[in-house]
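First up is the structure itself, then whatever we jot down about it.
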Amino acid sequence: MPDRIRFFLNRLGERLWVKPLAMCFLSVAGAFLAKGADQQSLGDKLPTVTLDSVETLLVTMSASMLVIATFSVGAMVSAYSSASNMATPRAFTLVVADDASQTAMSTFIGAFIFSIVALVALKNAYYGEGGRFVLFLLTLLVFAIVIGVFVRWTDRIARLGQVSSTVEKLESAAAESLQQRRLAPTLCACPAEPDSPQGEALHGTSIGYVQQVDIEALQACAERGNLRIRVAALPGTFTGPGRPLAYFVPHSAPVSEDNRQAIEQAFLIGNERVYDDDPRFGLIVLAEVASRALSPGVNDPGTAIDIIGRLVRLFALWLKPLEQDEARPCKYERVEVPEIALVDMFDDAFTPIARDGSGTIEVVVRILKALHSLTVIGDEQTRDLAKQHARLALARAELALSVDEDRKVARAAARFAMS
């Protein structure tokens, strides 16, 4: 189940303990690797290194790495808090998953563990002359890695908590999710026809958000029970009592209880939405950051304007025609999956910004220009939706703007939507 494995690997990437734990094992292995030089009888062929020189390096490393690791954790927590407060708490998982920060903290902790283990082994005469020389080289290598990582991390941590850095991560996550769904609009299943029979509803027992749907498992359930399954809850859907996860149409015998449970288990449900298979969530969070920037307490229309431009890029990616070799064929012929509704994507992206920025003329003009751009690059449905949202944005601006000149500017920018 590669999709389910990929999903769980991404969740592991959001855990701060994974890389430090791996680095700890690597550090312990490196400390004992030097013993191999003694076993190969290389002591006579390698330069002699005094015990005091290696011990001094290891003591210096053990004393400094613990301080640096503690400092790095404090700086990261401060950056995470800043990102949550200045942008949105929904961006926290993306900031935590920052590779440079996790690598830095893991390197500092790993260097500390390496120095402690190597120092204990060295003080107990574990190494011979060859082992001491290899340990000396490894210690210098660790020092070089720590310095390089620290310099790179210092530049990264200075930007990590900034709104611009957080917004960039949000756009990247949204673009990746949109691209995946663009290549497989129905998750490699068959398109769900609006007029097809729904069949018997399957209600889940868990309450939360659908995070991932295992289409391969649904196909296996459909083949095993001679069914046709129609997915009713895409990733990002809030499910609970009365909200069906799927519908199935049995072609022969009634569906067994085991098969019902297997179908339900194909829907991974959690307490929060995730970006992986939920393209709309990225649009929602970007719009949420823009709305917060437009609040009286923040009063940062520049961030909202920047996000509007990013939303245009994301929609341009989504609306880009597929090449012949890009589209992924239908592999699961017994499963039907509906496509994401474009009208929902427009509501997610533009409605909050148009509402909260209706009293700021520069935001109104920018969102109208953005919608005008989408009428040029999109199809007929996109043009209709863009014009509809432009008219709504103008209506909100007419009510919120207090200066006649600003209203005239807004009307001029929305002229394309009046035809």
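Hey, among the residues in region 112-135 that are among the small types (Gly, Ala, Ser) and free of Cβ contacts under 8 Å to residues at least 60 places away in the same chain, which one's surrounded by the fewest Cβ atoms within 10 Å (Cβ to Cβ)? Break it down stepwise before answering.
So in region 112-135, the residues among the small types (Gly, Ala, Ser) come out as 115, 118, 121, 125, 128, 130-131.
Keeping just the survivors that are free of Cβ contacts under 8 Å to residues at least 60 places away in the same chain gives 115, 125.
Working: 115: 25, 125: 8.
The extreme case among them is 125.
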Of the listed residues (370, 390, 386, 349), the one being of a type in the set (A, V, I, L, M), without any contact (Cβ under 8 Å) to a residue 40 or more places away in the chain, assigned to a helix (DSSP H, G or I) and open to solvent by less than 10 Å² (accessible area, probe 1.4 Å) is 390
Screening 402, 358 for residues that are assigned to a loop (DSSP other than H, G, I, E, B), open to solvent by less than 40 Å² (accessible area, probe 1.4 Å) and out of contact with any Ser or Thr (no Cβ under 6 Å at 6 or more places or on another chain) leaves only 358
Taking region 137-166 and the residues there that are modelled with pLDDT of 80 or more, farther than 23 Å from residue 67 by Cβ and not β-branched (Val, Ile, Thr), the one that is least open to solvent (accessible area, probe 1.4 Å) would be 165
Report task. Please verify whether region 320-329 includes one or more residues that are open to solvent by less than 30 Å² (accessible area, probe 1.4 Å) and of a type in the set (A, V, I, L, M, F, W, C). Result -> no
Over region 213-272, the set of residues without any contact (Cβ under 8 Å) to a residue 60 or more places away in the chain, of a type in the set (S, T, N, Q) and within 19 Å of residue 333 (Cα to Cα) is 226, 252, 259
Item to check | Filter pass, residue 169 being more than 31 Å from the chain's Cα centre (by Cα), of a type in the set (Lys, Arg) and under 29 Å from residue 21 (Cα atoms) | outcome: no
Only unsatisfied item for residue 335, checking (1) at pLDDT below 95; (2) assigned to a helix (DSSP H, G or I), is (2)
Note on region 233-276: residues open to solvent by less than 20 Å² (accessible area, probe 1.4 Å), among the aliphatic types (A, V, I, L, M), in a strand (DSSP E or B) and closer than 18 Å to residue 4 by Cα are 245
Counting only residues in region 151-166 that are in a helix (DSSP H, G or I) and under 24 Å from residue 287 (Cα atoms), the one farthest from the chain's Cα centre (by Cα) is identified as 159
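The rows are residues; the columns are (1) over 19 Å from residue 313 (Cβ atoms); (2) free of Cβ contacts under 8 Å to residues at least 60 places away in the same chain; (3) over 29 Å from the mean Cα position of the chain (by Cα).
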residue	(1), (2), (3)
342	no, yes, no
362	yes, no, yes
377	no, no, no
395	yes, yes, yes
406	yes, yes, yes
411	yes, yes, yes
Scanning region 12-55 for residues that are surrounded by fewer than 15 Cβ atoms within 10 Å (Cβ to Cβ), charged (D, E, K, R) and modelled with pLDDT under 75, the one farthest from residue 92 (Cα to Cα) turns out to be 44
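The values are calculated or read from the model by the stated rules, or taken from the named source; none is laboratory data. Just so we're clear, the structure is a prediction, and the values are computed from it rather than from any experiment. No Cβ is skipped: glycine too gets one built from the backbone with ideal geometry, and neighbour counts run over all protein chains shown. All accessible areas refer to the heavy atoms of the entire protein, side chains included, with ligands and DNA or RNA removed. Shrake-Rupley method; radii C 1.70, N 1.55, O 1.52, S 1.80 Å.
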